[in-house]
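The values are calculated or read from the model by the stated rules, or taken from the named source; none is laboratory data. Note that the structure is a prediction, hence the values are computed from the model and not measured. Cβ coordinates were reconstructed from backbone atoms using ideal geometry, including for glycine residues, and neighbour counts include every protein chain displayed. Side chains included, ligands, DNA and RNA excluded: accessible areas come from the protein's heavy atoms. Shrake-Rupley method; radii C 1.70, N 1.55, O 1.52, S 1.80 Å.
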Amino acid sequence: MSTSTRTFDRTRFPWALCLAAAAGLILEVGLFSKAYLLADRNNMAIVYKKHQVEHERLDADVVIFGESGTLSLNPAVMEREIGGAYSIRNSGVRDMGYTRVLPLMLRQYLRHQPKPRLILFNIRPDHFYLEKETLDERTLQMVRRYVDLEDLWEVSDRKIPMLKSYAQNLLPSLNYRVFIVASLPEPFRDWRNTRVDLLEPLPFRERLRRARGVLKTIEETKGHYDVQDDSEIYTPERMNAERGIGEVRRDRVYPSSREVERVIAMAQERGIPVIYYLIPVNPYRANWARETRYFENVEARLDEFEKKYPCFTYFRVADFGYDADLFADRAHLNARGSEKFSRDFIRAVDPVIRRKLKGEVVQGLPPRKSWE
């Protein structure tokens, strides 16, 4: 009897293994692939925007492109201001300040989507002049959720950690494990890996409710969402506590500005006009920038791009400071600030957009007094 029992077990084992594998596949594809909905709003938006680019048709005449500062622009508000004269989409993604990724993001968009008629392009000025960029662990976790491995391989100077990160997160259950565990009941939350993503512990239903709200906003506004909580205001105390950027030398070309040029060159090759703009800054940083002449150094490089690339236009604003109560932190507008900037921006830039959509070369614009 014992022999027949062992035979029975051996004959059933392959079937049990197949059933377990099938069940695991169903869980990975049907359940854990949606676990990004349990993430914080920025990780969730990164994954969702990548899905949109790769699997939906996002026809737009004008595409807003860049890192988190671009999310200050709400296409729905902008289209209302211009009466729907042309369509706008915000393809900006937060935490992509690693500027080597910017050309890869544009390449990925153009690989899957129709060529836009114009690109509105922005990165934070303090990312324009980085001495050296390193793809640290936190940035890598963000970037790999948006950029494909073969593309990131081209620009990464830390290929072994990059491969390790991709390998460790091949399955959705592993990729989103931090968010899954953070949604578990209290006794299980200590399993969280807090080295990478620091998440506030929220009940499962609360996370899903917030996720639906963020995704609905992205859909309704064509790519915009508030990167910070609506209640956050950048107070003078916080402003004074943060240090400024180091001195920038005008006699050298910084590595990060080369990546900005790569984006412009890519657009030039494909016949896409580009308008570059600087987002509003809070009063503290506006005063600091004037004292150090920092933005003059940025503008000198942008002037070089205008001379080199006919597709490129730098939209100058002499004073682009906004009141402190419109900011959530030193670099991002809060909800009220975003609403205001979206209106101010399109009113100011619309005439230039229309000229460039007609095929005009628009360069050497005199500086506008302010965004307002």
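Considering every residue within region 73-80, establish whether at least one is open to solvent by 30 Å² or more (accessible area, probe 1.4 Å) and modelled with pLDDT of 75 or more. Within region 73-80, one or more residues are open to solvent by 30 Å² or more (accessible area, probe 1.4 Å) and modelled with pLDDT of 75 or more.
Please go through region 323-355 and give me each residue that is closer than 27 Å to ILE272 by Cα and in contact with a Leu (Cβ under 9 Å, 6 or more places away or on another chain), ordered by number. Before you say what the answer is, go through the steps one by one.
Going through region 323-355, the residues closer than 27 Å to ILE272 by Cα turn out to be 338, 341-355.
Once the filter is applied, which keeps residues that are closer than 27 Å to ILE272 by Cα and in contact with a Leu (Cβ under 9 Å, 6 or more places away or on another chain), region 323-355 yields SER338, PHE341, SER342, PHE345, ILE346, VAL349, VAL352, ILE353.
GLU291: at pLDDT 75 or above and farther than 16 Å from ILE64 by Cβ, yes or no?
On the way: at pLDDT 75 or above: no; farther than 16 Å from ILE64 by Cβ: yes.
Against the criterion (at pLDDT 75 or above and farther than 16 Å from ILE64 by Cβ), GLU291 does not qualify.
Scanning region 261-276 for residues that are in a helix (DSSP H, G or I) and either open to solvent by 10 Å² or more (accessible area, probe 1.4 Å) or without any contact (Cβ under 8 Å) to a residue 12 or more places away in the chain (or both) yields GLU261, ARG262, ALA265, MET266, GLN268, GLU269.
Of all residue pairs spaced 6 or more apart or on separate chains, those with beta-carbon atoms under 9 Å, a first member in region 1-30 that is in a helix (DSSP H, G or I) and a second member that is open to solvent by 70 Å² or more (accessible area, probe 1.4 Å) and at pLDDT 70 or above are GLY24/LEU171; GLU28/LEU171. Number of residues in region 316-372 that are among the hydrophobic types (A, V, I, L, M, F, W, C), open to solvent by less than 70 Å² (accessible area, probe 1.4 Å) and at pLDDT 90 or above: the value is 10. Please tell me if ALA45 is open to solvent by 10 Å² or more (accessible area, probe 1.4 Å), part of a helix (DSSP H, G or I) and either out of contact with any helix residue (DSSP H, G or I) (no Cβ under 9 Å at 6 or more places or on another chain) or not charged (D, E, K, R) (or both). It is false that ALA45 is open to solvent by 10 Å² or more (accessible area, probe 1.4 Å), part of a helix (DSSP H, G or I) and either out of contact with any helix residue (DSSP H, G or I) (no Cβ under 9 Å at 6 or more places or on another chain) or not charged (D, E, K, R) (or both).
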